[in-house]
Amino acid sequence: MWVNPSADQNKGALLFDYEHTLMGNFFVRHDMSDDPGAFRLVFYGGNDWKSARPVSLRPNQWQHFSIVLGDKYLYYYLNTHQIDSIALPPAPE
């Protein structure tokens, strides 16, 4: 997705939210720091919360942010460069 955060971005602002009934939820939100461009990918499945390291989006500039769901990992990218990944729990049978 293409994003263009403002220089006065609200702390905790939600950029993306996806709910998968079998796997869990993942979302990208502002990481609550003083950096208006700091966003992080978070995964919640069952009682398991996992968070990837934050990425700093440049205010008032268009950037491409993508999330890729693999078999064992959730990957996220900024402008085609991988930022981090989150290990997923085993799939339910």
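Has region 20-37 got any residue that is closer than 18 Å to F65 by Cα, of a type in the set (A, V, I, L, M) and assigned to a loop (DSSP other than H, G, I, E, B)? The answer is no, given that none of the residues of region 20-37 is closer than 18 Å to F65 by Cα, of a type in the set (A, V, I, L, M) and assigned to a loop (DSSP other than H, G, I, E, B). Scanning region 19-49 for residues that are within 10 Å of the chain's Cα centre (by Cα) and of a type in the set (S, T, Y) gives no hits. Identify all residues within region 1-42 that are in contact with a strand residue (DSSP E or B) (Cβ under 9 Å, 6 or more places away or on another chain), polar (S, T, N, Q) and farther than 16 Å from S85 by Cα; write none if there are none. Scanning region 1-42 gives N4, Q9, N10.
Candidates in region 50-93 are the residues that are outside any strand (DSSP E or B), in contact with a strand residue (DSSP E or B) (Cβ under 8 Å, 6 or more places away or on another chain) and open to solvent by 40 Å² or more (accessible area, probe 1.4 Å); of these, the one that is nearest to D31 (Cα to Cα) is P54. The residues in region 16-46 that are open to solvent by less than 50 Å² (accessible area, probe 1.4 Å), in contact with a Lys or Arg (Cβ under 8 Å, 6 or more places away or on another chain) and within 12 Å of L57 (Cβ to Cβ) can be counted, and the count is 5.
The values are calculated or read from the model by the stated rules, or taken from the named source; none is laboratory data. Everything numeric here is computed off the predicted structure, so don't read it as measured data. Heads up, the Cβs are rebuilt from the backbone with ideal geometry, glycines too, and the neighbour counts pull from every protein chain shown. The protein model used for the area step is the full one, side chains on, heavy atoms only, and it has no ligands, DNA or RNA in it. Shrake-Rupley method; radii C 1.70, N 1.55, O 1.52, S 1.80 Å.
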